[in-house]
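Heads up, the thing below is written out as structure tokens.
The values are calculated or read from the model by the stated rules, or taken from the named source; none is laboratory data. In this text the structure is predicted, and so the values were computed from the model without any measurement. Counting neighbours? That spans all protein chains shown, and the Cβs are built from the backbone with ideal geometry, glycine included.
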Amino acid sequence: MPARRRLVAIAVSVVACLGSQALPAAAATGSAPVVSRGVTIPAFYDPPETLPAADGAVVRSEPLRLALSLPGIGGPLPGRATRLMYKSTDAGGQPVAVTGAYIEPRAAWRSGGARPLVVVAPGTMGQGDQCAASMGLEHPLAFNGQTVSVGYEDLSIYRLLAEGAAVVVTDYVGLGATDRLHTYVNRVDEAHAVLDAARAARSLEGASVTRASRVGLFGYSQGGGATAAAAELQPSYAPDVPLAGTYSGAPPANLTDVTEAIDGTELAGALGWSLNGFLQSEPELEPLANARLNATGKAALADLSTMCVGDSLFRYGFARSTRWTTDGKSIGDIIRSTPELTAFLDSQRIGKLKPAGPVRVATGTSDNLVPHAQSRRLAVDWCRKGADVTYRPLPLLDVGSPLINHFGPLLADQGSAVNWLTDRLAGKPATSNCWTMPLQP
């Protein structure tokens, strides 16, 4: 099947499985509403001018309707959701508002001790505010002719709720909250957003989780990078949030390798999200971007800044970055030949610090979108530092589509990942298998 026809078939399959819903309308607001690709973002997502001093402090909250919910005795199933905004600190040390959602489960926690909390770090959603995972809980599939947003993280969230664990999902810095652009795959922004989500959930009025609750992290793809970075930075940034366990699936630990891998694939649009995010957090890189990107490339970045994954698949699937540059070189080639870019991406590499608590790294051996080798290298790097690592290679067949090679392990391993994490939340010790991997360079 030709590549573009295969892409359309993938997208149609997703739509057929999830059904179609209209996108949400915004609440009334006194200021001019933010509109992203025909979607008016609810006024809740507009941050106030002044934020609280404490990281993780709740700025505001409101009830959130779950699209997939059933009435039950004592409350809705699988639980009662709250949309929230909380304060975090960005990579530049500045205060930032982050949005997300907390779900109080109806299922009981049966493994003893206080009800645990899991922070779910979403995989790639896009860069438009309408792509936020908290909106995906309310509208699992949103389509209006200009944008397609799929809340595919809902499955892992509901599995965790069924185990009796409370869940808080972060939208990350700039995704949802309308005051800035999403800093896609920025390790510090993502790690802080994940850890502060746990703090926010513990202080949320009506939540059953407390400081006595064990905390776990769960993420795949972009989410796997976010949870991996959070596990590394927790001791210094959030010592008050000890981690019982961290699941990091297909983590983009080395962005130079990932940038080269996604170029020309179904998810080539993520190149634009990465570049937009880098320029948001590191404005001194802007002269380099202006000099190396041609008009087509600059237009693509502007277009992608408001897109979700679904939009990107149709508009920029299989795009090659050689068409975006002034000299016809790929973005990967430019990065490797530009010391400033090489140094910046090296500062984003995950694996330089020992993670807190036990970690489970899972990666498909045929994953050539977020390359298997660099994810495995993360596990090896952590093992060398004496971390408690459970490494799980997933030997699935290469089906010829980098997108399916990447997302296939997400579904194949999700049940095992949930079981591993709930065991950690129950206080069961992990068994490291670092001995199975050669640790020498």
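Taken over region 301-357, the criterion of being closer than 19 Å to Thr183 by Cα and hydroxyl-bearing (Ser, Thr, Tyr) is satisfied by Ser305, Thr306, Ser312, Thr342, Ser347.
Remark: pairs (first residue in region 329-353, under 16 Å from Gln374 (Cβ atoms); second residue outside any helix (DSSP H, G or I) and among the aliphatic types (A, V, I, L, M); Cβ separation under 8 Å; 6+ apart in sequence or on different chains) = Gln348/Val185; Arg349/Ala253; Ile350/Ala253; Gly351/Ala253.
Report whether or not Lys385 is out of contact with any helix residue (DSSP H, G or I) (no Cβ under 7 Å at 6 or more places or on another chain) and not assigned by TED's automatic domain parsing to the domain that holds Ala244. It would help to see each step written out before you state the result.
Numbers: out of contact with any helix residue (DSSP H, G or I) (no Cβ under 7 Å at 6 or more places or on another chain): yes; not assigned by TED's automatic domain parsing to the domain that holds Ala244: no.
Against the criterion (out of contact with any helix residue (DSSP H, G or I) (no Cβ under 7 Å at 6 or more places or on another chain) and not assigned by TED's automatic domain parsing to the domain that holds Ala244), Lys385 does not qualify.
Listed by first and then second residue, the pairs linking a residue in region 292-312 that is closer than 21 Å to Thr326 by Cα and of a type in the set (D, E, K, R) to a residue that is modelled with pLDDT of 95 or more and assigned to a helix (DSSP H, G or I), with Cβ atoms under 7 Å apart and 6 or more places separating them unless they lie on different chains, are Arg292/Ile334.
The condition (being out of contact with any strand residue (DSSP E or B) (no Cβ under 7 Å at 6 or more places or on another chain), among the hydrophobic types (A, V, I, L, M, F, W, C) and either more than 19 Å from Arg424 (Cβ to Cβ) or surrounded by fewer than 24 Cβ atoms within 10 Å (Cβ to Cβ) (or both)) is satisfied by just one residue among Val185, Val150, Val173: Val185.
Of the residues Pro235, Pro239, the single one that is outside the structural domain of Lys329 (by TED's automatic domain parsing), surrounded by fewer than 21 Cβ atoms within 10 Å (Cβ to Cβ), outside any loop (DSSP other than H, G, I, E, B) and not hydroxyl-bearing (Ser, Thr, Tyr) is Pro235. Sub-6 Å Cβ pairs linking a first residue in region 428-441 that is exposed (fewer than 10 other Cβ atoms within 10 Å of the Cβ) to a second residue that is at pLDDT 90 or above and of a type in the set (Phe, Trp, Tyr), at least 6 apart or interchain, number zero.
Mind listing whichever residues of region 289-328 are more than 23 Å from Leu403 (Cα to Cα) and either surrounded by fewer than 16 Cβ atoms within 10 Å (Cβ to Cβ) or within 26 Å of the chain's Cα centre (by Cα) (or both)? Answer for region 289-328, where residues must be more than 23 Å from Leu403 (Cα to Cα) and either surrounded by fewer than 16 Cβ atoms within 10 Å (Cβ to Cβ) or within 26 Å of the chain's Cα centre (by Cα) (or both): Ala289, Asn290, Ala291, Asn294, Ala295, Thr296, Lys298, Ala299, Ala302, Thr326, Asp327, Gly328. A Cβ distance below 9 Å, combined with a sequence gap of six or more or placement on separate chains, defines the contacts here; from region 362-391, residues that are touching a residue at least 60 places away in the same chain (Cβ under 8 Å) and closer than 13 Å to Ser221 by Cβ reach residues that are of a type in the set (D, E, K, R) and crowded, with 21+ Cβ neighbours inside 10 Å in the pairs Ala362/Asp413; Gly364/Asp413; Leu369/Glu266; Ser375/Asp367.
Find the strands (runs of 3 or more DSSP E) located wholly in region 43-162 whose residues include 3 or more that are among the small types (Gly, Ala, Ser), and list them.
79-89, 95-105
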